[in-house]
Amino acid sequence: MSNSDQLKELKTAARNIAHAKRIKHVGALELVAQALGYPHWNALANADKKGWRPSPEDLATAEALVLAENPLISIDTDPWSAIGADRFEGELQGHSYRVSTQADDVRMWGRGWELTLPEAPLAPPRFRVTDRRLKANPIDGTDFRNAALDVASGWRKLVHARIASDWPRRSTVPDSAGRAEHPLGHGVSDIWFCLHCDRSSSGVEIAANLFHCPHCLASPLDIHASPWWLGAAAK
């Protein structure tokens, strides 16, 4: 059979990568093929037709790509335990820090400072001084802020990968008509309305912001396929 079981495993790995990265499946197939030494997926598929089969090492490479994008993919109960406690703390420009998540917001903090990255991709970072007695607070420096933001953004990428992997595919990658599927109610539309601010967004815009309102950052609970709360005024 040209479409070997091993090839199916590579396609599954690509599908998981596509979910985590919120990209088209064909783009993820290209990533897998290139990791295995082929210029593109068609070259790999042609090799399979001629008798090539992925080795256990090739399958391990593909799985490593999945885990690199979404290390939480196979954890059901306490997903963050998969990361390892040593990853939750570190040192940045000589200053110790810790990281935690709460309701999918990323919080990073150290002595006298705190950085919060909300779950919504378009939400701006929030820097806060927590101890004004310090004469030299690292958070006052632009270089430190940018470095801290890089660290916290890496964590938020993991959060987004887990969310995207749990949601329906069309919730993060709209179809060719721009229609996106609500991750909770599962309605499908190319236009979405926010109960919080009454503004509308396209399916592409709302999916890119993980179904948070691009205008006011309200949560997916406030996003609906029609502005039913406006009654006759919406018609």
Anchor residue 8: lysines whose Cα lies under 28 Å away (excluding residues fewer than 8 positions away in-chain)
21, 24, 49, 50, 157
Roughly how big is the chain's charge dipole about its Cα centre, with Cβ charges of +1 (Lys, Arg) and -1 (Asp, Glu), in debye to the nearest 20?
380 debye
Tell me, what is the 1.4 Å probe accessible area of residue 15, in Å² to the nearest 10?
110 Å²
Skip the ligands, DNA and RNA, and give the accessible area per residue of region 95-156 with a 1.4 Å probe, whole Å².
57 Å²
Largest fluctuation, 160, 186, 19 only, Gaussian network model of the chain with Cα springs under 10 angstrom, belongs to 186
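If you roll a 1.4 angstrom probe over the protein chains with everything in place, what fraction of the accessible area of the chain belongs to carbon and sulfur, to the nearest %?
In the chain, the share of accessible area belonging to carbon and sulfur is 50 percent.
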From the protein chains alone at 1.4 Å, what is the descending order of accessible area for 44, 217, largest first?
217, 44
How much accessible surface area, in Å² rounded to 10, belongs to the heavy atoms of residue 63 with a 1.4 Å probe?
90 Å²
Full-stretch length increase - residue 9, residue 98 - with 0.36 nm per residue and alpha-carbon distance subtracted
28.3 nm
Tell me, what ³J(HN,Hα) does each residue in region 24-29 have, in order and in whole Hz, if you take phi through Karplus 6.51 cos²θ - 1.76 cosθ + 1.60 with θ = phi - 60° and put x for Gly and Pro?
5, 4, 4, x, 5, 4
Compute the signed sum of charges (Lys and Arg +1, Asp and Glu -1) over the other residues within less than 13 Å, Cβ to Cβ, of residue 6.
-3
Just to verify a number: FRET efficiency for residue 133 and residue 215, C-beta to C-beta distance, R0 = 45 Å, to 0.05?
0.70
How would you classify the chain from its alpha-carbon gyration tensor, with a ≥ b ≥ c the square roots of the eigenvalues: rounded for a/c under 1.5, else prolate if a/b is greater than b/c, otherwise oblate?
oblate
Mean ellipticity per residue at 222 nm, deg cm²/dmol - from DSSP H runs of n ≥ 4 across the chain, formula -39500 (n - 2.57)
-11500 deg cm²/dmol
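The values are calculated or read from the model by the stated rules, or taken from the named source; none is laboratory data. Everything quoted here is computed from the prediction, not taken from an experiment. As a convention, Cβ positions derive from the backbone with ideal geometry for all residues, glycine included, and neighbour counts pool all protein chains shown. Quick note on the areas: whole protein, heavy atoms, side chains included, nothing else; ligands and nucleic acids left out. Shrake-Rupley method; radii C 1.70, N 1.55, O 1.52, S 1.80 Å.
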